[in-house]
1. Out of all Cα-Cα pairs in the stretch 224-285, roughly what percent, to the nearest whole number, are more than 16 Å apart?
2. How big is the dipole moment of the stretch 326-397 about its Cα centre under a simple scheme where the beta carbon of each Lys and Arg is +1, that of each Asp and Glu is -1, and everything else is neutral? Debye, nearest 20, please.
3. In µm²/s, what is D for the chain at 10 °C and 1.306 mPa s, where D = kT/(6 pi eta Rh) by Stokes-Einstein and Rh is the Kirkwood radius from Cα pairs?
4. Mind checking the full-extension length gain between Arg280 and Arg189? Use 0.36 nm per residue of separation minus the Cα-Cα distance, one decimal, nm.
5. Taking the alpha carbon gyration tensor of the stretch 123-202, what are the square roots of 5 times its eigenvalues, largest first, to the nearest whole Å?
6. List the pairs from Lys166/Lys194; Lys134/Lys462; Lys19/Lys519; Lys380/Lys519; Lys19/Lys194; Lys166/Lys466 whose alpha-carbon separation is above 32 Å, in the order I gave them.
7. Of Ile155, Pro413, Ser388, which is farthest on the positive side of the dipole of the chain, counting Cα position, with +1 on Lys and Arg Cβ, -1 on Asp and Glu Cβ, and the Cα centre as origin?
8. When a footprinting reagent is the concern and you count Cβ atoms within 10 Å, what order do Val376, Val435 take, fewest first?
Amino acid sequence: PDSSYIRNFSIIAHIDHGKSTIADRILECTHTIAERDMAQQVLDSMDIERERGITIKSNAVRVMYAADDGQTYQFNLIDTPGHVDFAYEVSRSLAACEGAVLVVDATQGVEAQTVSNALLAMNAGLSIIPAINKIDLPSADVARTRSEIEEGLAIPAEDSVSVSGKTGEGIHDLLEQIVRAVPAPTGERDAPPKALIFDSYFDSYRGVVTLVRIMDGAFSVHDRVRLMASADVFEIEDLGVRRPKETPLARLDVGEVGYIVTGLKDPSRVRVGDTLTLDRNPAEVPCPGYREVKPMVFTGLFPIDNDQYENLRDALDRLRLNDPSIAYAPETSAALGFGFRVGFLGLLHLEVVKERLEREFDLDLIATSPSVDYRVHTTKGEVLDITSPQDMPDAGRIAHIEEPRLKVKVIAPPDFVGAIMELTIDHRGSFKDMVYLSPTTVEMHWEMPLSELIMDYFDQLKSRTKGYASLDYEFFRYEPSDLLKLDVLLAGTPVDALSFIVHRDKAYARGRILCDRLKEIIPRQLFEVPIQAAAGGRIIARSTVRARRKDVLAKCYGGDISRKRKLLEKQKQGKKRMKAIGSVEVPQEAFMAILKVD
Ligand code: GTP
């Protein structure tokens, strides 16, 4: 096709502003999916996405649009996630596009990820079309939303389109605006072929499948191609586009977006951000690629059944193809055995990856309490990166510790400024400044430790502002901090996987709360289990799980064998999520208990 009739764009927004719903309407309006086959949020294809109602992975789809000018355009549309933890996923998709539809919910106005995603799109040099959504709702305030887009984002609002993803109103205008405002891809038809790999995944039958944007030239089935960074060569087994079902084609042309089946069985050979070129006619310069992202939150992941260790390694290798932001290294715990220390971009990311590992790879995992990356200066002048509390050197060897601090942005109605101040100061935040985006919306700037942000800050922010506040953050710098390690003893034995690092001022309070929580979470055993929190060689808090008296089988009066078996079976299932630590059965929640500190 003539690439002047191609439009490549992403749909970006703050979480829940309606990207996936607008994508549905576009699929419908362009007759990509027959009305009777139309489900909700078609592009959210993973189970986790449907259950949680959020987009986790970007999804590329091709639709054909018969425009008012009489021409038919090829739209390659990429729906992206909205949550802050998945910003990297968004930035990777943007590199495959010339334009972005920025969806803003007219009942909410500009929120934190509206700003951050708009900035990502601007920095990628894309044309931005603001789509003011949910105008069917009585509380929609289009005028205010327009002014916030101009004030907060410096995007001229006359380019915006008002739409309803629910009723379909305005979607036609949006499609016309995409034709007008998104530039056609540039790129040379006759240059040596070159494609950017912006995503990939592992398919058990076909090996590594990559999603690509063709920058120059064309690729055909059976071409021998080369990965420019790894210098690996393979033959294209199959290629095509998603509509959204996979549709094989003979070739992908300059400017187009599609998938390429590599047949490679070793996931580590393909890296997202790498450039694909023709082996016999290679491009000289690769695409700019992606910056490496640094994980911010670390946890230990341990198979409940130690035999699954190798499976966990394979699963991580394969998942990394689809999610290059995770990092992992082997870790051993006295309490939990062999596992991996895994780095994530945030807590939701952690939860999602753990769940994907369990579902897609059939594993049962324990995750230990999350930690950040501390920089420990020893008395001998060494500098250690410590991502696991159990690696923390003895207090005597430590000169000082630095912790990562964030620049945090909170957007909320002015009524909540007091509540946000109180909460953030309590999380060791320091206030910088605030600006009004409109009379009903302020943007506050803070600096605070990452370790405090992961301590329930987001949930508390939401609850104290009745859901009105939104949050965005980025790494700022390392700063010295008065930290110490808190250990937890169960029945007198320290459990390495429960240790965490805490600011000295908070050690007593957090130790106290943790002991109380663990007492609720750890089920009664046949014997009494004392729980103790220790810091600096002293016990600072304690609680006790009292012994269990009741015997489950006592209820059965000895008679009914099948009922007895059922009960035992049920008990066994209940146990599945538990890990025996010494003689104590500890459920998964215990390891996350430290995060809930209210
Ligand atoms: P993430 O992918 O999780 O970031 O969310 P999203 O931006 O894709 O939002 P989604 O499309 O899942 O919509 C969020 C909620 O808003 C859903 O309950 C939709 O049904 C609803 N919604 C979306 N668009 C409209 C609209 O135009 N009008 C109304 N009334 N509701 C809408």
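Every number here is computed from the coordinates shown, using simple stated rules; none is lab data. The model shown is predicted, which means the values in this text are computed figures rather than measured ones. In this analysis, Cβ positions are derived from the backbone assuming ideal geometry, glycine residues included, and neighbour counts consider all displayed protein chains.
1. Working: 926 of 1891 pairs.
Counting every Cα pair in the stretch 224-285, those more than 16 Å apart make up 49 percent.
2. Working: 7 positive and 12 negative charges, 54 e Å.
Dipole size: approximately 260 debye.
3. Working: Rh = 26.4 Å.
Taking Rh from Cα pairs, D becomes 60 µm²/s.
4. 31.1 nm
5. Numbers: eigenvalues 203, 51, 37 Å².
Working through the eigenvalues yields semi-axes of 32, 16, 14 Å.
6. Numbers: Lys166/Lys194 39 Å; Lys134/Lys462 22 Å; Lys19/Lys519 43 Å; Lys380/Lys519 40 Å; Lys19/Lys194 30 Å; Lys166/Lys466 25 Å.
Beyond 32 Å: Lys166/Lys194; Lys19/Lys519; Lys380/Lys519.
7. My answer, from the dipole projection, is Ser388.
8. On the way: Val376 20, Val435 11.
Ascending number of Cβ neighbours within 10 Å: Val435, Val376.
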